[in-house]
Amino acid sequence: MKIYTRGGDKGKSSLYNGERRSKADAVFCALGDTDELAAALGIASEFCAEDESLLRSQITWIQCRLLDIGSAIATPLTSTEDERKRKLTAFDPAEITRLENWIDEMEQGLPPLTNFVLYSGGRCSTFLHLARTVCRRAERSTTPLVHAGDTPDTVLQYLNRLSDYLFVAARHVAYAEGKPETAYSKGDTFLVAKPRKTL
């Protein structure tokens with residue numbers, strides 16, 4: 001099977017429900033943002049330290065869930081009559097709770113945040129921060145689809161919680177690797193005090 005089909009050469013592509021839409025449609029914009037987010041997470045994972053196997057496995061799980069989100073986005077509820085496809089692409093709300101549990105676990109080992117933190121703390125941490133900004137964009141592009149009734153609200157809730165997870169994960173990695181974060185200051189730049197490394 002060839003990778004190219006020429007089916008999109010005129011600027012249209014197909015959704016999971018069989019609809020043909022312009023590639024500039026809001027659905028494809030949201031799909032592109034979630035795809036970019038998964039790629040950004042892949043880069044962050046590659047820069048994680050070898051002893052961060054738990055975080056790597058969490059990132060892999062999240063990348064899989066982003067594919068699930070893509071399936072939900074590509075199956076607009078207002079125009080999909082096939083009940084089997086609607087059920088197949090429904091997004092499990094339990095995944096939101098899973099993220100919250102991961103956040104709580106990582107936060108236990110972090111000191112309270114007393115300053116705005118700049119994107120820093122080593123390569124893995126910085127790429128996780130970058131992924132968070134892409135996640136926020138994916139959230140913004142998905143919001144109109146949810147409000148229109150095309151995408152389940154659980155998708156929006158998950159993306160919102162995922163941005164929180166990525167912020168905490170970035171801080172977790174910085175502290176675990178013993179790499180200081182740079183804090184915001186109106187005057188001189190200064191570093192956030194880091195606790196003793198405990199791995």
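By the Cα gyration tensor, the chain has an equivalent ellipsoid whose semi-axes, rounded to whole angstrom, run 36, 17, 16 from largest to smallest. Note on Glu107 and Ser53: the model spin-label points, each 7 Å out from Cα along the C-beta direction, lie 2.8 nm apart. Accessible area ranking (1.4 Å probe, heavy atoms, ligands and nucleic acids excluded), largest first, for Trp61, Trp102: Trp61, Trp102. Number of Lys-Lys pairs in the chain with C-alpha atoms under 28 Å apart and a separation of 8 or more places or on different chains: 14.
When the chain is treated as a GNM with alpha-carbon contacts under 10 Å, the residue of Gly11, Gly178, Gly42 showing the greatest mean-square fluctuation is Gly11. Note on Ala39 and Arg140: with the Förster distance fixed at 22 Å, the Cβ-Cβ geometry gives a FRET efficiency of about 0.75. Computed with every protein chain present, the accessible area of Phe127 is close to 60 Å² [probe 1.4 Å]. The amide H of Ser120, built 1.01 Å from its N in the peptide plane, has Thr182 as neighbours under 5 Å, considering only residues 5 or more places off or on other chains. Placing a label point 7 Å from the Cα of Lys87 along the Cα-to-Cβ line, the residues of segment 151-179 whose backbone N sits under 19 Å from it are 152. Plainly put, segment 79-191 has a radius of gyration that is 1.10 times its Kirkwood radius, both from alpha-carbon atoms, as the Rg/Rh ratio. Which residue, Leu31, Leu118, Leu66, tops the fluctuation ranking in a GNM of the chain built on C-alpha contacts under 10 Å? It is Leu118. Between Arg65, Arg98, Arg161, the Gaussian network model of the chain with springs among Cα atoms under 10 angstrom shows the greatest mean-square fluctuation at Arg98. Helical content of the chain, expressed as a calculated mean residue ellipticity at 222 nm, amounts to -19000 deg cm²/dmol (DSSP H runs of 4 or more residues, -39,500 (n - 2.57) each, divided by residue number, nearest 500). Just the number: Rg to Rh for segment 42-111, Cα atoms, Kirkwood Rh, two decimals. Taking Rg over the Kirkwood Rh, I get 1.12. Using the Cβ-Cβ distance between Lys2 and Thr97 with R0 set to 30 Å, the FRET efficiency from 1/(1 + (r/R0)^6) comes to roughly 0.10.
The values are calculated or read from the model by the stated rules, or taken from the named source; none is laboratory data. Computed from a prediction, not measured in an experiment: that's the story for all the values here. Please note: Cβ atoms are built from the backbone with ideal geometry, for glycine as well, and neighbour counts cover all protein chains shown. Protein only, heavy atoms only, side chains kept; ligands, DNA and RNA dropped before computing areas. Shrake-Rupley method; radii C 1.70, N 1.55, O 1.52, S 1.80 Å.
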